[in-house]
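One structure below.
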Amino acid sequence: MTTLIKGTTLPNGSRADLAIEHGVFVDAAGVTADRTIDASGLIALPGLVDLHTHLREPGFEQSETVLTGTRAAAAGGYTAVFAMANTQPVQDTAGVVEQVQALGERAGYATVRPIGAVTVGLKGERLAEIGAMAASRAQVRVFSDDGMCVHDPLLMRRALEYVSTFGGVVAQHAQDPRLTEDAQMNEGVVSARLGLAGWPAVAEESIIARDVLLAEHVGARLHVCHVSTAGAVEVIRWAKARGIRVTAEATPHHLLLTEELAEGYDARFKVNPPLRTAEDVEALRAGLADGTIDIVATDHAPHPAEAKECAWGEAANGMVGLESALSVVHAAMVDTGLLGWADVARVMSRTPARIGGLRGYGDAFALGTPAHLALYDPAAHTTFSADSLHGRSTNSPYLGRELPGRVVHVFHGGVATVLDGELRPAEEVSR
Amino acid sequence: MRHLLSTAELTRQQALAILDTAEDMADVSGREIKKLPTLRGRTIVNLFFEDSTRTRISFEVAAKRLSADVINFSAKGSSVSKGESLKDTAQTLQAMGADGVVIRHPASGAPHTLAHAGWIDAGVVNAGDGTHEHPTQALLDAFTIRRRLHGAGSRGRDLDGVAVTIVGDILHSRVARSNIWLLALLGAKVRLVAPATLLPVGIGDWPVEAGFDLDAAVGERPDVLMMLRVQGERMHDAFFPGEREYSREWGLTDERLARLPASTMVMHPGPMNRGLEISAAAADSPASTVLDQVANGVSVRMSVLYHLLAGEES
Amino acid sequence: MAARILLQATDIQRALTRIAHEIVESNHGSSGLVLLGIPTRGVFLANRIGEVLEQIEPGSVAVGSLDVTMYRDDLTRHPTRLSNPTQIPPDGIDGKVVVLVDDVLMSGRTIRAALDALAAIGRPKAVRLAVLVDRGHRELPIRPDYVGKNVPSAATERISVRLQEIDAYEEVTIA
């Protein structure tokens, strides 16, 4: 099936035709197309890559599975997701990571790259079999205990060194557990009033400060997950200026939402790290714009309804975010003039792929490269609703909110996963 | 008024209406027949997810004095302790036709969730949620202060200019928060005294002055000294070194009691740790309003139930 | 539609004086009497009747108030009402002749509520009713013992009682 995409706007602003054949981009000139897509008015982005997703399978299939999670990803314009390790059993052996990878391949909606745990069972005691996971069919290069912080300094040092042995990177969930016991929301003016235990910014910043110095000392790469505070951005900026090989991600929700949303005790807004202040949002946006923050990563965290429809203190942390990510970045960064579409392609596709060691995303739309593509209508407006969600869970903070833009067509390795805003059926996409 | 979830949401008019109606409810409690027919046929559920005999009984007496039917639902030994969710419990109450729900819960915000999630039609009274609020406690405290100051002439009066000093674990105290909003609303001047570890970060815009020195605060001769219960276990999380030092620095000792003017009211929401935050002599002195607070609790809770459930908006 | 004046200030005071004398006459004196005004305006009327009785037989009459808010049968049909003080004189009502005093008598439901309120306080020897205006339209078998003025009225008409203790002028009008 040869697909011709006519009149799309590239991230650099120029108009072009694109063509896909046998799963790769081919010269559009002179192509005989089985399917032609009129893409005038649509922006062509390289398929988005999420370095931080929770697919919940194996173990928590009531919240999400690899199939439903990658369908949600495709609906959001993603063609690759890195699946975090806090499954059950934990992704701490070659067997489990190969299983998750295989599930992703069979589903076909997006490339699934499992992330390996740093420690066995995420317990923070012993290193997991990092070498085995790196050598497995899953070729794991990103290691994280996300959900938990690798807080023991000695263990973090060893992890940085050992993971670098295999050309990988440790992705740290920065949260000092002693400063955040039973924490419920950002510590500050709102938490004092609401009587909710606070999660102070320093509990994130102090771990990042320690980790960048450790990474410098042992000459390893470090990736910081979901940066959420202005102070953390400052620390990372300082570290990069010193030449430390640190990369950092920010979630779409931390670029848009603030702690006041906790005031109705609606647990859809409960997340770890928590929503912070307007000053923190400003600093994150500026950091993403100036490159201190390298990428956007969703931290897509599905939870069943009963884990959110309860008192705040009993609710689970997390928000789904794959379907809304591009629109939220559009609202927070493009509409505010902080990023252009070429920058969006960089922070949501090329750079996350580079950090994760994922090939095929280096040179967007280059002939002969895999056809990973998202066509986005920037002029559309939608009220985000449960119909906009395609995973198994509905814990989105954007329900009822007006968001700009709409993902119209998505191709994963040349296979259409989304056409005319609708997901293609599983039989068609599956390998 | 559909729900009473916090004193922060009350208007001055609503607060005074509740206090004034409580005056009439107090009169009923002085009669031989301590009963009004006002809420006859209404069902009020006491939904207590935290143990609390005193507050639950206070609400039960209040409801019964208004001729309402009362159902007590406590967490221990109920389906709640077996893992039934707040939502399922709420839907059961709705199916049973509860008109009012009095809820005490360990999670801040649970009454708010119960009132606004769309699970029940009943009016919701917050009887204490986590470390957030305990509005009826603040109302009975304000009622007690007003009565002690103005006696039979209390009706319609606020607490303009009354100096209230609250001492103790402000950080974890829902009583403190509710009192701060209500006292400020009624015109009182509020001062907080505690070690820095027990004062929340981020109280810069609260209508209070905060400090660490109880002796200095006593020297200011406040009209009311409100002592909060402090949990000795907090010393294990390094909030203070131990009971001896806490009591020495922030306890209402006999020596501090002697330095207070005789007219200063000594208040405590209970239960008291005699010898820790308050000496036995202080607790039993004529300045202590502790027993008045308990008696007034019934009158104030009758008033709250009346305002929530008697009129057409309910 | 202009309001018609039914009673002017002097008419009101004459009616209250007459009611006071009727009470003394039917009670064979003023011992054992307790006047309880129903808030708001019934209280002022009870005080005035009490003042007249005080002139007839000094030191004999006890005056107080009886709030009926909590005993009303129509609470859920209106926004929440604020209650008023109930002040029972020190000697109580047991064995006394209680005279309830109100400004306007219409359906009788207020008086029904007052009887319930009295029952919770004590056991009077007898209960009598004095009203400034009886405008008919009874819904319950309640009848007044002492009436200032009988005013046949349409149910849609409004009768307003203004007393200077609270309204700064005195008149009773119908519109």
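The values are calculated or read from the model by the stated rules, or taken from the named source; none is laboratory data. Not measured: the values here are computed from a predicted model. Virtual Cβ from ideal backbone geometry, glycine too; neighbours counted across all protein chains shown.
Structure data summary
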item	result
Qualifying residue in the range B:8-16 (condition: modelled with pLDDT of 95 or more, away from every other protein chain (no Cβ under 12 Å), on the phi < 0 side of the Ramachandran plot and crowded, with 17+ Cβ neighbours inside 10 Å)	yes
Pairs where the first residue, in the range A:359-386, is closer than 17 Å to A:GLU21 by Cα and the second is of a type in the set (Asp, Glu), C-beta under 8 Å, 6+ apart	A:LEU367/A:ASP27; A:THR369/A:ASP363
Residue satisfying condition, being among the hydrophobic types (A, V, I, L, M, F, W, C) and either in contact with a strand residue (DSSP E or B) (Cβ under 6 Å, 6 or more places away or on another chain) or under 26 Å from C:GLU157 (Cα atoms) (or both), within set C:LEU53, C:LEU36	C:LEU36
Test: residue in the range C:25-40 that is surrounded by fewer than 18 Cβ atoms within 10 Å (Cβ to Cβ), part of a helix (DSSP H, G or I) and not hydroxyl-bearing (Ser, Thr, Tyr)	yes
C:ILE142 vs. criteria modelled with pLDDT of 95 or more, within 30 Å of B:LEU309 (Cβ to Cβ) and either at the interface with chain B (Cβ under 9 Å from one of its Cβ atoms) or crowded, with 19+ Cβ neighbours inside 10 Å (or both)	no
In the range A:168-192, residue farthest from A:VAL150 (Cα to Cα) [restricted to those that are more than 13 Å from chain B (Cβ to nearest Cβ) and hydrophobic (A, V, I, L, M, F, W, C)]	A:VAL169
Residues of the range B:24-35 classified as assigned to a helix (DSSP H, G or I), within 7 Å of chain C (Cβ to nearest Cβ) and surrounded by fewer than 22 Cβ atoms within 10 Å (Cβ to Cβ), total	1
Given (1) part of a loop (DSSP other than H, G, I, E, B); (2) under 28 Å from the mean Cα position of the chain (by Cα), index of the condition A:ALA29 fails	(2)
Only listed residue being more than 26 Å from B:LEU291 (Cβ to Cβ), among the polar types (S, T, N, Q) and within 14 Å of chain A (Cβ to nearest Cβ), chosen from B:THR38, B:THR89	B:THR89
Of residues in the range A:276-297 being surrounded by fewer than 24 Cβ atoms within 10 Å (Cβ to Cβ) and β-branched (Val, Ile, Thr), the one nearest to the chain's Cα centre (by Cα)	A:VAL281
Filtered residues of the range B:111-154 (kept if within 14 Å of another protein chain (Cβ to nearest Cβ), hydroxyl-bearing (Ser, Thr, Tyr) and under 16 Å from the mean Cα position of the chain (by Cα))	B:THR131
Strands (runs of 3 or more DSSP E) completely within the range B:144-252 that count 1 or more residues being aromatic (Phe, Trp, Tyr), in contact with a Ser or Thr (Cβ under 9 Å, 6 or more places away or on another chain) and not assigned by TED's automatic domain parsing to the domain that holds B:ALA283	none
Enumeration of residues in the range C:165-175 that are part of a helix (DSSP H, G or I) and either free of Cβ contacts under 8 Å to residues at least 40 places away in the same chain or within 16 Å of C:ILE5 (Cα to Cα) (or both)	C:ASP167
The range A:92-117, residues that are outside any strand (DSSP E or B) and among the basic types (Lys, Arg)	A:ARG106
Residue list for the range A:193-226, filter: among the aliphatic types (A, V, I, L, M), surrounded by fewer than 24 Cβ atoms within 10 Å (Cβ to Cβ) and more than 14 Å from chain B (Cβ to nearest Cβ)	A:ALA209, A:VAL212, A:LEU213, A:LEU214, A:VAL218, A:ALA220
